[in-house]
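Let me begin by presenting the structure, written as structure tokens, before commenting on it.
The values are calculated or read from the model by the stated rules, or taken from the named source; none is laboratory data. Computed from a prediction, not measured in an experiment: that's the story for all the values here. No Cβ is skipped: glycine too gets one built from the backbone with ideal geometry, and neighbour counts run over all protein chains shown.
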Amino acid sequence: MSAHAATAPGAIPAAHPSAPAAAGTALLVGLVGLGLTALALIIPGVTASAVATSYLVGITFWTAMAIGMLLMVLIHHILDASWSVVIRRQWEHGLASFKWLAVLFVPLILASWFQRDLIWPWMNPAHELHGGHTVGHDPLYLKKEGFLNFNTFVIGTAAFFLLWMWLSARLRRASFQQDSDGDVRWTFMNRKTAAFGIPIVALTLTAAVIYWVKSLEYHWFSTMYGVWFFSNCVRGALSIGVIIMVWLYRRGDYKGVLNTNHFHSIGQLMLAFTVFWAYVTFSQYFLIWNANMPEETFWYNLREVNHDGSPNQWKWVGIYGILFGHFFIPFFALLSYRYKVTHHTIRRIAYWILAIILLDMCYNILPALKDAEGDSLPFLSFNLLWVLTSVVGIGGICVWSYLRSLPTAKLIPIRDPRITESLTDHE
């Protein structure tokens with residue numbers, strides 16, 4: 001391979017035109033969404049805990065999307081893939097959101113500083129658990145307090161975001177610089193980054209979801225939680241990739257660049273990770289159900305029945321929303337070759353998957369809000385409104401970040417060594 005990769009032949013897009021109006025609109029939507037979430041704190045009858053926990057759903061959802069995009073770029077480089085070269089650049093632009101997600105996580109840390117048990121009960125040893133005893137006298141907490149404490153939580157969260165931002169900056173700098181000089185050493189640099197970056201991301205995403213989500217019910221045991229989160233991260237990133245591909249194709253930017261096989265290939269990955277998510281989720285449920293150990297089954301009991309044995313609303317969310325919506329519907333849709341290569345159809349599937357991932361986040365986070373009897377608050381409540389405003393608000397900032405990054409580099413990596421293979425990719 002020569003020191004400099006040749007520019008691919010044919011119609012190569014120039015630098016992407018800026019879209020200040022679209023970026024400004026996204027920023028405005030984001031600020032309005034965040035403002036409405038903050039205003040919920042002054043509404044009579046709305047608790048700060050409910051608003052903060054709903055906000056946690058939003059920040060976890062969008063951080064999962066960013067982690068998924070980081071993983072897709074890393075996987076692309078470690079496998080030296082060719083078909084995804086023309087799509088990779090859009091995930092690279094998406095990585096610009098990490099620094100803003102870190103900033104948007106700060107309000108949760110500040111709120112927990114002033115009221116330690118606002119979201120995570122274990123932050124306050126004096127927090128009274130259902131049954132009368134406190135966190136500080138809970139034997140299970142005493143075994144975990146070296147990990148579950150405010151200082152370690154803050155240091156860990158800061159470390160997660162710093163590592164994600166560092167990896168993203170390395171990948172983006174090398175990829176963008178290659179557009180200018182065509183030096184193949186940038187490809188080798190990103191391949192090395194992927195070699196150590198994948199283990200780093202695997203460990204940090206697992207620790208992050210344990211800290212942020214799983215520890216809401218710190219008595220619970222599961223060895224598969226990080227893998228569950230990983231599957232949602234990747235499924236979300238693939239779905240966002242499809243939405244961006246269709247959007248840019250309809251604008252005319254990707255015409256002559258994308259072909260049928262690009263859509264088919266990303267659709268195959270969406271199908272593969274749908275099956276993977278189902279395998280992980282079913283295995284976790286089946287093993288806990290089969291073992292029938294109270295320290296594990298209580299997590300599902302909170303999402304199925306009330307203290308008096310009557311079914312609660314989360315049971316139907318789990319059966320109809322998670323089981324059918326998260327698996328069966330996208331699984332059967334993505335089996336179809338025609339659906340995978342038809343732009344408007346695969347885009348609808350992508351929107352559906354993103355919506356169900358959000359529902360999955362709600363299913364894992366919101367039942368931590370309980371009433372006086374220790375039952376999870378109903379799914380259909382005003383808390384869903386604060387989830388919506390948080391998702392829209394944080395999402396608006398992430399879209400704004402992507403649109404700001406979009407004009408800073410070529411539409412596709414024009415001097416990547418495999419760009420010609422990607423442009424001529426066929427089934």
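Here are some residues: Arg191, Arg235, Arg250. Which one is among the basic types (Lys, Arg), in a helix (DSSP H, G or I), under 15 Å from the mean Cα position of the chain (by Cα) and more than 30 Å from Val135 (Cα to Cα)?
Of the residues listed, the single one that is among the basic types (Lys, Arg), in a helix (DSSP H, G or I), under 15 Å from the mean Cα position of the chain (by Cα) and more than 30 Å from Val135 (Cα to Cα) is Arg235.
Has the range 135-157 got at least one residue that is farther than 18 Å from Thr204 by Cβ, aliphatic (A, V, I, L, M) and under 23 Å from the mean Cα position of the chain (by Cα)?
no
Residues checked against (1) free of Cβ contacts under 8 Å to residues at least 40 places away in the same chain; (2) in a helix (DSSP H, G or I); (3) within 20 Å of the chain's Cα centre (by Cα):
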residue: Tyr363; (1), (2), (3): no, yes, yes
residue: Ala372; (1), (2), (3): yes, no, no
residue: Leu380; (1), (2), (3): no, no, no
residue: Gly396; (1), (2), (3): no, yes, yes
residue: Leu403; (1), (2), (3): no, yes, yes
residue: Leu406; (1), (2), (3): no, yes, no
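Among the numbered criteria (1) closer than 30 Å to Gly393 by Cβ; (2) touching a helix residue (DSSP H, G or I) at 6+ places or on another chain (Cβ under 9 Å), which single criterion is violated by Ala126?
(1)
Those residues that are of a type in the set (Phe, Trp, Tyr) and over 18 Å from Ser168 (Cβ atoms), I need them from the range 181-226; list them, please.
Those that are of a type in the set (Phe, Trp, Tyr) and over 18 Å from Ser168 (Cβ atoms): Phe188, Tyr211, Trp212, Tyr218, Trp220, Phe221, Tyr225.
Condition check ((1) at pLDDT 95 or above; (2) of a type in the set (Val, Ile, Thr); (3) in contact with a His (Cβ under 9 Å, 6 or more places away or on another chain)) across all residues:
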residue: Ile356; (1), (2), (3): yes, yes, yes
residue: Asp360; (1), (2), (3): yes, no, yes
residue: Tyr363; (1), (2), (3): yes, no, no
residue: Pro367; (1), (2), (3): yes, no, no
residue: Asp371; (1), (2), (3): no, no, no
residue: Leu377; (1), (2), (3): yes, no, no
residue: Phe382; (1), (2), (3): no, no, no
residue: Val387; (1), (2), (3): yes, yes, no
residue: Gly395; (1), (2), (3): yes, no, no
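If you check Gln90 against the conditions, is it exposed (fewer than 15 other Cβ atoms within 10 Å of the Cβ) and touching a residue at least 24 places away in the same chain (Cβ under 8 Å)?
Against the criterion (exposed (fewer than 15 other Cβ atoms within 10 Å of the Cβ) and touching a residue at least 24 places away in the same chain (Cβ under 8 Å)), Gln90 does not qualify.
Restricting the first residue to the range 309-329 and requiring it to be at positive phi, which pairs with a second residue that is among the acidic types (Asp, Glu) and not in a helix (DSSP H, G or I) meet a Cβ separation below 8 Å and a spacing of at least six or different chains?
Every condition considered, no pair remains.
Just a yes or no: is a residue in the range 276-299 under 30 Å from Ala368 (Cβ atoms), without any contact (Cβ under 8 Å) to a residue 40 or more places away in the chain and of a type in the set (Gly, Ala, Ser)?
So far as the range 276-299 goes, yes, one or more of its residues are under 30 Å from Ala368 (Cβ atoms), without any contact (Cβ under 8 Å) to a residue 40 or more places away in the chain and of a type in the set (Gly, Ala, Ser).
Just for the range 101-118: of the residues that are of a type outside the set (A, V, I, L, M) and buried (at least 18 other Cβ atoms within 10 Å of the Cβ), which one is farthest from Leu216 (Cα to Cα)?
Within the range 101-118, the match that is farthest from Leu216 (Cα to Cα) is Phe105.
For residues that are surrounded by fewer than 16 Cβ atoms within 10 Å (Cβ to Cβ) and without any contact (Cβ under 8 Å) to a residue 40 or more places away in the chain, scanning just the range 217-249, find the one that is nearest to His343 (Cα to Cα).
Per the criteria, the residue is Trp247.
Which of the residues belonging to the range 382-394 are closer than 19 Å to Ala64 by Cβ and in a loop (DSSP other than H, G, I, E, B)?
Scanning the range 382-394 gives no hits.
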